[in-house]
Amino acid sequence: MSGTCESIMTSNQTLFSYVLRLADDHLILSQRLGEWCGEAPTLEEDLALANIALDLIGQARALYAYAGQVEGRGRDEDQLAFMRYERDYQNLLITEQPNGDFAHTIVRQFFISAYMDSFWRRMESSKDEMLAAIAAKASKEVTYHLRHTSEWVIRLGDGTRESHERMVEALDDLMMFTGELFEIDAVAQEMLQSGVGVDASDLKAEWQHTVQTILQEATLELPKAGHMQTGGRTGRHSEHLGHILSELQYMQRSFPGLTW
Amino acid sequence: MSEAAMPLWEVFIRARNGLSHKHAGSIHAADAEMALHAARDVYTRRGEGQSIWVVRSSDIVASDPVDKDMMFEPTASKIYRHPTFYEIPDDVGNM
């Protein structure tokens, strides 16, 4: 095998890994949001959260399908989504954190949407046409997720004493998972250099600005960045992911190849 | 959640350019911005909308059903208000 071939092989594997981790982020977060279905505080918000979850599932499907195509081993979106082991999932740890109360769900979504909003907008100019196309669709969806969660952050933060306290608690609990959003590992570095990926480390200032502007209006503060949790990208997860997967994978594990 | 904190809003959706907004239903929301979000999330999930109006239900002035006879009965006998009352001369052709 020539050197060129080998480098294409490596870069294909890197691209697969890059697309797969993005897909995992969206799948796991979507599954979490889906847990609210029928349980949300109001019918209106029940649908709002389900709508966001469905947007995320749509993005995950597009990404898994593309990952399968890049990998070229015949795995389809279902096999990638449902038939892997816990340590093979590379989602960010924040996506698997429990829903908690409504404040925790809103802060988690707000943190991630603020990040993904910048991320997808930059991805629109990726050299990879498929990723650019997925980004173009996703950024419209995420802009609404950010708008919706921002409005909730403002109302809960600047709401009653209890809603304010719960928001402070949620911000404190979730802050330690935000460092991972901006990490760059070898995979991300290679994708960045080839003009395919987004420089996540470069999104930090923008994210902080977006988040702080809203928090200020909400009479809240972004907690000081202390110790940051990390490990999702290398498959080292919190104790929550296994429980998510047992529910998520149940049908495909029980009835492999099942379709609607 | 209390009615005072989450009042009722009526939702009007315009499906396409050139059509008028039509009443779609109602939702509860804390304020105007959240009402628009709720209306979007509840009533435009299947591509129904190009534009949304929301209005506080309490701001709608409605006729009293008790006044039904006074309000609407008198028009029943005025059949000459319908175009079908008039015979169109043959010379006019199709209108």
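The values are calculated or read from the model by the stated rules, or taken from the named source; none is laboratory data. Only a predicted model underlies this, so the values are computations on that prediction, with no experimental measurement involved. In this analysis, Cβ positions are derived from the backbone assuming ideal geometry, glycine residues included, and neighbour counts consider all displayed protein chains. We work out accessible area using only protein heavy atoms, side chains counted, and drop any ligands, DNA or RNA first. Shrake-Rupley method; radii C 1.70, N 1.55, O 1.52, S 1.80 Å.
In the set A:Ala170, A:Ala205, only one residue is of a type in the set (Gly, Ala, Ser), free of Cβ contacts under 8 Å to residues at least 40 places away in the same chain and on the phi < 0 side of the Ramachandran plot; that residue is A:Ala205.
Might you let me know whether region A:190-213 holds any residue that is touching a Ser or Thr at 6+ places or on another chain (Cβ under 6 Å) and of a type in the set (Val, Ile, Thr)?
The answer is yes; a qualifying residue exists.
Across region A:204-240, the number of residues qualifying as β-branched (Val, Ile, Thr), surrounded by fewer than 14 Cβ atoms within 10 Å (Cβ to Cβ) and farther than 23 Å from A:Ser17 by Cα comes to 2. Taking region A:65-182 and the helices (runs of 4 or more DSSP H) fully enclosed by it, the elements with 1 or more residues that are over 20 Å from A:Ser17 (Cβ atoms) are at A:102-123, A:129-157, A:161-175. Among the residues of region A:154-203, the one identified as within 18 Å of A:Lys224 (Cα to Cα), among the β-branched types (Val, Ile, Thr) and either in contact with a Pro (Cβ under 9 Å, 6 or more places away or on another chain) or surrounded by fewer than 17 Cβ atoms within 10 Å (Cβ to Cβ) (or both) is A:Val168.
Out of (1) touching a His at 6+ places or on another chain (Cβ under 6 Å); (2) part of a loop (DSSP other than H, G, I, E, B), what's the single condition that is false for B:Trp53? That leaves (2) as the condition not met. Name the residue, out of A:Leu22, A:Leu29, A:Leu33, A:Leu47, that is open to solvent by 30 Å² or more (accessible area, probe 1.4 Å) and assigned to a helix (DSSP H, G or I). The unique qualifying residue is A:Leu47. Within region B:1-35, the only residue that satisfies the criterion of being open to solvent by 70 Å² or more (accessible area, probe 1.4 Å) and within 12 Å of chain A (Cβ to nearest Cβ) is B:Met1.
How about region B:39-81: which of its residues are of a type outside the set (Gly, Ala, Ser) and within 14 Å of another protein chain (Cβ to nearest Cβ)?
B:Arg40, B:Asp41, B:Val42, B:Tyr43, B:Thr44, B:Arg45, B:Arg46, B:Glu48, B:Ile52, B:Val54
Figure legend. Inter-residue proximity from region A:240-260: first residues of a type in the set (D, E, K, R), second residues not in a loop (DSSP other than H, G, I, E, B), beta-carbon distance below 6 Å, spacing 6+ or different chains. No pairs are indicated.
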